[in-house]
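The values are calculated or read from the model by the stated rules, or taken from the named source; none is laboratory data. Fair warning: this is a prediction, and the values are worked out from it, not measured in the lab. Methodologically, a virtual Cβ is constructed for each residue, glycine included, from the backbone with ideal geometry; neighbour enumeration extends over all protein chains shown. These area figures cover heavy atoms from the full protein model, side chains too; ligands, DNA and RNA do not enter into them. Shrake-Rupley method; radii C 1.70, N 1.55, O 1.52, S 1.80 Å.
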Amino acid sequence: MNFDLNKIIRPTIKELKPYSSARDEFTGNGEVYLDANENPFETGLNRYPDPFQKKLKNKISKIKNIPQDCIFLGNGSDEVIDLIFRVFCEPGKDEVILFPPTYGMYQVCADINNIKTKKISLTKDFEIDEINLFKNLNNNTKIIWICSPNNPTGNTMDPEVIKNILNSFNGIVVIDEAYIDFSDSQSWIDFLDFHPNLFIIQTLSKAWGLAGLRLGMGFASKKIISILNKIKPPYNINSLTQEKALEAVAYLEEKNEAVDIILNEKVKLIKNIKLIETVKHIYQSDTNFILVKINNATNIYKELIERSIIVRNRSNVSLCEDCLRITVGNSIENKKLLDAIKEITR
Ligand SMILES: *Cc1c(COP(=O)(O)O)cnc(C)c1O
């Protein structure tokens, strides 16, 4: 493997002189701040937020057991995804690899940035098609996007395959672990030291129950993180988000308890949905949702909406024909869903 970070960063980004904010130019403790054109009257939010979220990163670094300068925080994972494209991919020239069916934002961000995507369909078992992947790499392939556990299929990708990709690909390998807290698998964070081309994305939106807060986390080598810091909007994480996240991540036990409850509910839900005759298959899931193959899925989707129950119809997605993606709710919600499906399919 010949991974050379300097060779794969876009020249424009390498040479970029970043915006220097007041809080970049003075980082000590002052008494009178007259450097940022802020309003002196206290509103609780009259000061700019910490552009590097040091307090929050300090907490996260302890939870994730990783140095602070290997952490990047974004306005949701969506911002992290977009910035990764912009660091490494030259519009109209470079390419990335996607493994559909997968999370839709990779394609959307590629399109917005005018980056070509090569789509290597997952196998029927929703695994990465390694042979087909390696056939499709070329000198302009900059990023391989892996979602594991994958949305919408729910499975974790074979770690041996991921290891092969990490060891042989000279571009960036992104592993989106939005659902890692629901899975028994080890996070790839533990392998960052061994793979300079690895970039991991996690989020507070799922297991932590904070989708409205918009906090995405990126984990990578210090060098990669420093480049993302250079191009991010200076104050991308607002004060309220930093404050609330700081509070929330102190409740690690509560997060783990919520995950346990959701996983127990998932077991119950699977057991009961299996009993419905028109259900053809429930795919194995390492997440907080299940992918269910059911006769007349689109019709059931519409009938559920009639009953004010909203699931995700994935029927028109290749390899997910006749599939509904159902988020695991609380016990009352799950019972409502079950009763409704039973009524519709009777
Ligand atoms: C839900 C989800 C996210 C979360 O995105 P945020 O912008 O952090 O809310 C990221 N990746 C995948 C695959 C998801 O399903």
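For the reader, a short list of remarks on this structure follows.
- Gyration tensor verdict on the chain (Cα atoms; rounded if a/c is under 1.5, prolate if a/b is larger than b/c, oblate otherwise): oblate
- Paramagnetic label reach from Asn6 (point 7 Å along Cα→Cβ; backbone nitrogen cut-off under 11 Å): within the stretch 69-104, no residues.
- Across the stretch 245-346, Cα pairs under 8 Å and at least six residues apart give a relative contact order of 26 percent.
- Percent RCO, i.e. relative contact order, over the stretch 131-226, from Cα pairs under 8 Å lying at least 6 residues apart: 22 percent
- Relative contact order, percent, the chain [alpha-carbon distance under 8 Å, six or more residues apart]: 18 percent
- Local net charge near Arg47, Cβ-Cβ under 13 Å (Lys/Arg +1, Asp/Glu -1): -4
- Cross-link pairs exceeding 23 Å in C-alpha to C-alpha distance, out of Lys54/Lys222; Lys266/Lys336; Lys59/Lys222; Lys135/Lys206; Lys293/Lys335, comprise Lys135/Lys206.
- Gain upon complete extension [Leu319, Asn299; 0.36 nm per residue less C-alpha separation]: 5.3 nm
- For Tyr301, the solvent-accessible surface with a 1.4 Å probe is about 60 Å², rounded to the nearest 10.
- Here's how it looks for Tyr103: its modeled amide H is under 5 Å from those of Asn151, which are all 5 or more places away or on a different chain.
- Isolated cysteines in the chain, defined as those with no second cysteine Cβ under 4.7 Å, comprise Cys70, Cys89, Cys109, Cys147.
- MRE, 222 nm, helices only [DSSP H, n ≥ 4, -39500 (n - 2.57), over the chain, to nearest 500]: -11000 deg cm²/dmol
- Per-atom-type breakdown for the chain gives carbon and sulfur 50% of the accessible area (1.4 Å probe, protein chains only).
- Per residue, the accessible area of the chain comes to 51 Å² when a 1.4 Å probe rolls over the protein heavy atoms.
- Long-range HN-HN contacts of Met157 with modeled amide H, under 5 Å: Asn150
- Rounded FRET efficiency, nearest 0.05, which uses the C-beta distance separating Glu15 from Lys163 and R0 of 30 Å: 0.30
- The shape of the stretch 1-130 comes out prolate: with a ≥ b ≥ c from the C-alpha gyration tensor, a/c is at least 1.5 and a/b beats b/c.
- DSSP-loop GluC sites (Glu not before Pro) across the stretch 245-304, with at most 13 other Cβ within 10 angstrom: Glu277
- When nucleic acids and ligands are ignored and a 1.4 Å probe is applied, Ile309 ends up with an accessible area of around 30 Å².
- Ordered by solvent-accessible area of protein heavy atoms (1.4 Å probe), largest first, the residues Lys206, Lys57, Lys64 come out as Lys206, Lys64, Lys57.
- Cα centroid separation - the stretch 213-264 against the stretch 1-59, whole Å: 17 Å
- For the stretch 44-54, 3J(HN,Hα) per residue [Karplus equation, 6.51 cos²θ - 1.76 cosθ + 1.60, θ = phi - 60°, Hz, x = Gly/Pro]: x, 9, 6, 9, 5, x, 4, x, 10, 6, 4
- Pairs beyond 26 Å (Cα-Cα), from Lys163/Lys244; Lys57/Lys142; Lys124/Lys280; Lys7/Lys119; Lys118/Lys255; Lys93/Lys119: Lys163/Lys244; Lys57/Lys142; Lys118/Lys255
- Anisotropy class of the stretch 142-279 from Cα gyration tensor, a/c 1.5 cut: oblate
- Solvent exposure of Val32, expressed as accessible area, is near 100 Å², computed with a probe of 1.4 Å over the protein chains only.
- Among 141-148, 325-332, 282-289, sorting by the average number of other beta carbon atoms lying within 10 angstrom of each residue, highest first, gives 141-148, 282-289, 325-332.
- R0 of 25 Å, Cβ-Cβ distance Arg47-Ala211: FRET efficiency to nearest 0.05: 0.40
- Net charge over other residues, Cβ less than 12 angstrom from the Cβ of Ile112 (K, R count +1; D, E count -1): -2
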